[in-house]
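Data block below; observations after.
The values are calculated or read from the model by the stated rules, or taken from the named source; none is laboratory data. Because the structure is a prediction, the values reported are computed rather than measured. Virtual Cβ from ideal backbone geometry, glycine too; neighbours counted across all protein chains shown.
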Amino acid sequence: MNQPGVNELLRFVANDRETWRMYADGLTMGLNQVEQPKTREKVMQYKPRNITELAAFVAAVRPAFKSMLPIFLARKHFDYGIPAFDKLIQTREMTSSFILFQEQLMKTLQHAGFSAPESYAAIKAIGKKHPEKVLPLKQRFLEGFAARSDMASAEKVWRIIEDATSYGFNSSHAVCVALDSLYGAWLKAHHPLEYYTTLLSGYVAKGDKDRIALAKEEMQRGFGIRVVPCKFRQDNRDFYIDHAGNTISDA
C-alpha cells in the first residue's frame, strides 16, 4: 500500500479510537517520541486524542516545560489571570495558557516589552543552546512583565523561559515528530501483524533480544497476537504471518 499523505492520515485518525488507544494503553514500541518507559507512562496519563494534543505533548515533555508538566498531564485548566497575556497564548484547540513552543516564548518576551528582533534573537539563542545570551535578560523581563501584571506571575513565566534554554521545540518541529509517531500508531492499530513482523525483523537484525521479548509481550497484551513455531511449508527465513490464526511464526 502507498503511504497516505498527511491530510489523508489526519482523516483516517479523526475520532479513530483504535489509533489513539496505542497511546492510552501504552502500546508504544516503535512509535516516535513515546517509546521510552518514562515517556510511555506520561502519554498513558495524558491520552492525546488528536494531532494538536499529540504535538503539544511531545513539546511538553521537553525540559523547557518541566515546571508546568504535572498540570498539563492532568489536563487541568491553567491561566495566569491576565486577560491580555492569556489571550495571546491560548488557541481554539489549546485553551490553557501553556507556553509550549518557541513561538509562544517570542510572544511572551514581546508582552514584556522586548521588540520583535530582540525576541527573535533570544529564541535563536535558545534554539542553539546558548543560555548565556538569554539569562542576562531576566531582570528586564521581570520588570517589563510585572508592569503589566504582577511579580509572582512574572517569575513563574521566567522560570519557563529559563528552563527553555536547556531544550525546547518550535511548533513546526513538534508537529512533524508527532505526525511521524501518528503514522506508526495508525499502522500498528490497523495492521498489527505486519507492523510487529517488521519491528521484530529489525530487532532480530540488530540481535536485540530484550526488545524482541518486549515486542512479543506487547503484541500479545494489546492484540492477542501469539508467536508460534514455524510449520511445514512455511518460509522459515523470516517471520511468517497467519492472519486467520492471528499469529506470527518465529524465524
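Filter region 52-68 for residues that are more than 23 Å from residue 155 (Cβ to Cβ) and either of a type outside the set (Val, Ile, Thr) or surrounded by fewer than 20 Cβ atoms within 10 Å (Cβ to Cβ) (or both); which is farthest from the chain's Cα centre (by Cα)?
52
Quick one: count up the residues across region 1-40 that are in a helix (DSSP H, G or I), under 16 Å from the mean Cα position of the chain (by Cα) and without any contact (Cβ under 8 Å) to a residue 40 or more places away in the chain.
Residues flagged as in a helix (DSSP H, G or I), under 16 Å from the mean Cα position of the chain (by Cα) and without any contact (Cβ under 8 Å) to a residue 40 or more places away in the chain within region 1-40 amount to 5.
Restricting to region 99-153, name every residue that is surrounded by fewer than 19 Cβ atoms within 10 Å (Cβ to Cβ), part of a helix (DSSP H, G or I) and among the hydroxyl-bearing types (Ser, Thr, Tyr).
120, 153
So which residues in region 69-98 are buried (at least 21 other Cβ atoms within 10 Å of the Cβ) and in contact (Cβ under 8 Å) with a residue 60 or more places away in the chain, if there are any at all?
85, the sole residue that qualifies.
Do we have residue 55 as of a type in the set (Gly, Ala, Ser), farther than 19 Å from residue 173 by Cβ and touching a residue at least 40 places away in the same chain (Cβ under 8 Å) here?
Values: of a type in the set (Gly, Ala, Ser): yes; farther than 19 Å from residue 173 by Cβ: no; touching a residue at least 40 places away in the same chain (Cβ under 8 Å): yes.
The answer is no for residue 55.
Among (1) in contact with a Gly (Cβ under 6 Å, 6 or more places away or on another chain); (2) more than 29 Å from residue 155 (Cα to Cα); (3) hydrophobic (A, V, I, L, M, F, W, C); (4) at pLDDT below 95, which single condition is residue 31 missing?
(4)
If residue 166 passes every condition in (1) under 30 Å from residue 122 (Cβ atoms); (2) surrounded by 14 or more Cβ atoms within 10 Å (Cβ to Cβ) but one, which one does it miss?
In the conditions (1) under 30 Å from residue 122 (Cβ atoms); (2) surrounded by 14 or more Cβ atoms within 10 Å (Cβ to Cβ), residue 166 misses (2) alone.
Taking region 157-185 only, how many residues are charged (D, E, K, R) and over 19 Å from residue 70 (Cα atoms)?
1
Restricted to region 223-244, and to residues that are closer than 26 Å to residue 2 by Cβ and at pLDDT 95 or above, which residue is surrounded by the fewest Cβ atoms within 10 Å (Cβ to Cβ)?
223
Only residues that are under 24 Å from the mean Cα position of the chain (by Cα) and in contact (Cβ under 8 Å) with a residue 24 or more places away in the chain: list them for region 201-220, please.
The answer is 211, 214, 215, 218, 219.
Restricting attention to region 166-193, and to residues there that are in a helix (DSSP H, G or I) and among the polar types (S, T, N, Q), which single residue is modelled with the highest pLDDT? Spell out how you get there, then give the answer.
Keep residues of region 166-193 that are in a helix (DSSP H, G or I), which gives 171-190, 192-193.
Remaining after also requiring among the polar types (S, T, N, Q): 171-172, 181.
Working: 171: 92, 172: 93, 181: 98.
The selected residue is 181.
Only residues in region 133-158 that are farther than 17 Å from residue 84 by Cβ count as the first member; pair them with residues that are in a loop (DSSP other than H, G, I, E, B) and among the β-branched types (Val, Ile, Thr), Cβ under 6 angstrom, at least 6 apart or cross-chain, and list the lot.
These pairs meet every condition: 134/165.
The conditions are (1) closer than 20 Å to residue 16 by Cβ; (2) surrounded by 13 or more Cβ atoms within 10 Å (Cβ to Cβ), and residue 203 fails exactly one of them. Which is it?
Going through the list (1) closer than 20 Å to residue 16 by Cβ; (2) surrounded by 13 or more Cβ atoms within 10 Å (Cβ to Cβ), residue 203 breaks only (1).
Name the one entry in 138, 129, 133 that is assigned by TED's automatic domain parsing to the domain that holds residue 53, under 27 Å from the mean Cα position of the chain (by Cα) and of a type in the set (Lys, Arg).
Residue meeting the stated conditions: 129.
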